[in-house]
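Below is one structure, written out as structure tokens; comments come after it.
The values are calculated or read from the model by the stated rules, or taken from the named source; none is laboratory data. Source: prediction; values computed, not measured. Please note: Cβ atoms are built from the backbone with ideal geometry, for glycine as well, and neighbour counts cover all protein chains shown.
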Amino acid sequence: MASGDRLADAGRQRVFQIDPRWLDRYAPRINENLEYEWHYRLDAPVDVQVNPAEHDEWAWVTIDEAIERVWSWTNREALEALRSVATP
């Protein structure tokens, strides 16, 4: 972590129904999740190396395209909020 890099709590939480495809990952009768939004700011651009064994369909896209691509409404909402503070 560089000296000016920082992790910041965005101050937003979301409760959402867990997608039925993922319910087996949770304890019985757990069907909601509480999500906290955090942002990590970098001082400067960095070279990111993606592990192809972990990610096979990644792409660098604009924030607008990312908003269109994500299937999770919570991710979309977080990206929209980020766009509102990142766009002058």
- Inspect all residues belonging to segment 73-83 and state whether any of them is over 25 Å from ARG6 (Cα atoms), out of contact with any helix residue (DSSP H, G or I) (no Cβ under 9 Å at 6 or more places or on another chain) and either of a type outside the set (Val, Ile, Thr) or in contact (Cβ under 8 Å) with a residue 24 or more places away in the chain (or both). yes
- What do you reckon, is VAL48 without any contact (Cβ under 8 Å) to a residue 60 or more places away in the chain, in a loop (DSSP other than H, G, I, E, B), of a type in the set (Val, Ile, Thr) and loosely packed, with under 12 Cβ neighbours inside 10 Å? yes
- Determine, yes or no, whether ALA66 is part of a helix (DSSP H, G or I), surrounded by 10 or more Cβ atoms within 10 Å (Cβ to Cβ) and small (Gly, Ala, Ser). yes
- For segment 11-32, state whether one or more residues are in a strand (DSSP E or B) and modelled with pLDDT under 90. no
